[in-house]
Amino acid sequence: MTSSPISARIADGVASVPAAQWDACAGTNPFLSHAFLTALEQSGSVGGSSGWQPLPILIDGSDGAPAAIAPAYAKSHSQGEYVFDHGWAEAWQRAGGAYYPKLQVAAPFTPAPGPRLLLRDGRLASALIAAIEAVTDQNALSSAHATFIAPDQLPLFEAAGWLTRAGTQFHWHNDGYAAFDDFLAALSSRKRKAIRHERAKAVEGLTIRHVTGAGVGEGVWDAFWIFYQDTGTRKWGRPYLMRAFFSLLGQAMPDRVLLILAERDGRPIAGALNLIGDDTLYGRYWGCTQDVPFLHFELCYYQAIEAAIARGLKTVEAGAQGEHKLARGYVPVTTWSAHYIPDRNFRRAVADFLVRERAGVASEQDYLGELTPFKRG
């Protein structure tokens, strides 16, 4: 007896899939949740003219509900991905090819490792990867990219012959600390003094407030929107997210939201947005209306550590890049992406580049690992 062929379909956005069915595949990662991805769609942060067209790829189970999902998007640019392939695009276009549109399997605007194959039935992993490849081939797309893959899913892409790419982030790890001072005790004396000095300077004349759950109302979002716009305009030219996204996020998953605010005379002057995972605090966005020395470090790194310790979380992931995190107790870790490139010549060129790049990443991580602020011996 032969098994029935597996067929996949493309849904009309995440919002078109019932939330319970989506989340049964996605698990508990906040960035892959139906609430988060639907808030992006409903706010216009993806779709329309954003360059992120939602094309979730689904394989249904015998019960008629999705058993495997790839959170896929057709991309007309490479913005908001944090795994930089602009050089690949330029090379392919100089050779006469059209790099865009491409297919992106990711949580948009989110450089946080997590599953990219959302599996209620783990036996469908290879079939889901084959479906991603089929969508790429049948629509004559240049490539497909799964970015910030959870390490345990990387072998699935490798087995399918995708090219893999290494990157570096800086994460803080909770070594059973009961309080921030326990963390400081693990550092060298010089680094302890530097952090205490930074923290004291950062909060002079300010009140720090943690807001979550029902406390995250529209007034708080209005303040944070100003902070986000300031940072987004300076970093990306224009902010990726729409104002409505934050309201929808607060309504749909309030207990996952942690806003850390700095207030002067009762008025917020800076804020950092975090999402709370099962064992990780994810730092996402920050901004300010007053330039205060060290306040960025205080809100984004030190207060995040305190919040993680208080909640018994294992890790703080404070976003992409940033070697300045190293001196503040965040250590280098490897992040992974996988890339499907149908054209043999283009694939060969990218593969050669990745071999050289991976050696450089490994060498840099070895060097950075020697610069951590922790006590030696």
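So which of Lys191/Lys314; Lys201/Lys325; Lys75/Lys314; Lys201/Lys314; Lys102/Lys325 end up more than 26 Å apart, counting from Cα to Cα?
In this structure, Lys75/Lys314; Lys201/Lys314; Lys102/Lys325 exceed 26 Å between Cα atoms.
Would you kindly derive the ³J(HN,Hα) couplings of the range 171-180 from the backbone phi angles with the Karplus curve 6.51 cos²θ - 1.76 cosθ + 1.60 (θ = phi - 60°), listing them in order in whole Hz, with x for Gly and Pro?
Working through the residues one at a time gives 10, 9, 10, 7, 8, x, 6, 8, 7, 4 Hz.
Once you wrap a convex hull around the alpha carbon atoms of the range 135-255, what is its projected area averaged over all directions, in nm²?
If I average the Cα hull's projected area over directions, I get 13.3 nm².
Using a 1.4 Å probe on the protein heavy atoms, what percent of the accessible area of the range 43-82 belongs to carbon and sulfur?
48 percent
On the protein heavy atoms, probe 1.4 angstrom, tell me the percent of accessible surface of the range 266-377 carried by carbon and sulfur.
50 percent
Given the options Trp221, Val211, Thr233, identify the residue whose Cα lies farthest towards the positive end of the charge dipole of the range 180-236 (+1 on Cβ of Lys, Arg; -1 on Cβ of Asp, Glu).
Thr233
How large is the dipole of the range 187-342 about the Cα centre if only Lys and Arg carry +1 and Asp and Glu carry -1, each at its Cβ, rounded to the nearest 20 debye?
I would put it at about 540 debye.
Rounding to the nearest 10 and keeping the result within 0 to 90°, find how far the Cα-based axis of helix 344-369 lies from the longest principal axis of the chain.
20 degrees
The range 127-224: which GluC sites (Glu not before Pro) are DSSP loop and have at most 16 other beta-carbon atoms within 10 angstrom?
Glu204
Kindly express, to the nearest 10 degrees and within the range 0 to 90, the angle between helix 243-252's C-alpha long axis and the longest C-alpha principal axis of the chain.
Around 90 degrees separate the two axes.
Relative contact order of the range 42-106: what whole-number percent is it, with Cα pairs under 8 angstrom and at least 6 residues apart?
Relative contact order comes out at 28 percent.
Got a sec? Charge dipole of the chain, +1 on Cβ for Lys and Arg, -1 for Asp and Glu; which of Gly250, Phe294, Pro71 is way out at the positive end?
The residue sitting farthest along the positive end of the dipole is Phe294.
Rounded to the nearest percent, how much of the accessible area of the range 110-221 (1.4 Å probe, protein heavy atoms only) is carbon and sulfur?
Summing carbon and sulfur atoms, their accessible area is 52 percent of the total for the range 110-221.
If contacts are Cα pairs under 8 angstrom and at least 6 residues apart, what is the relative contact order of the chain in percent?
Relative contact order comes out at 20 percent.
Once Rh is set to the Kirkwood radius over Cα pairs, what Stokes-Einstein translational diffusion coefficient, in µm²/s, holds for the range 63-216 at a temperature of 10 °C and a viscosity of 1.306 mPa s?
Here the translational diffusion coefficient equals 82 µm²/s.
Leaving out ligands and nucleic acids, note down the accessible area per residue over the chain with a 1.4 angstrom probe, in whole Å².
Counting only protein heavy atoms, the per-residue value for the chain is 43 Å².
Given the -39500 (n - 2.57) contribution per DSSP H run of 4+ residues, what per-residue ellipticity at 222 nm results for the chain, rounded to the nearest 500 deg cm²/dmol?
-10500 deg cm²/dmol
What does the charge dipole of the chain about its Cα centre add up to, to the nearest 20 debye, if the Cβ of each Lys and Arg holds +1 and the Cβ of each Asp and Glu holds -1?
800 debye
Just how far, in whole angstrom, is the range 140-161 from the range 247-319 if you go by their alpha carbon centroids?
Cα centroid to Cα centroid, the span is 31 Å.
Helix 189-202 against the longest principal axis of the chain: what's the angle in degrees, Cα atoms only, rounded to the nearest 10?
80 degrees
The values are calculated or read from the model by the stated rules, or taken from the named source; none is laboratory data. Treat the numbers as computed from the prediction; the structure is a model and nothing was measured. Backbone-built Cβ (ideal geometry, glycine too); neighbour counts: all protein chains shown. Side chains included, ligands, DNA and RNA excluded: accessible areas come from the protein's heavy atoms. Shrake-Rupley method; radii C 1.70, N 1.55, O 1.52, S 1.80 Å.
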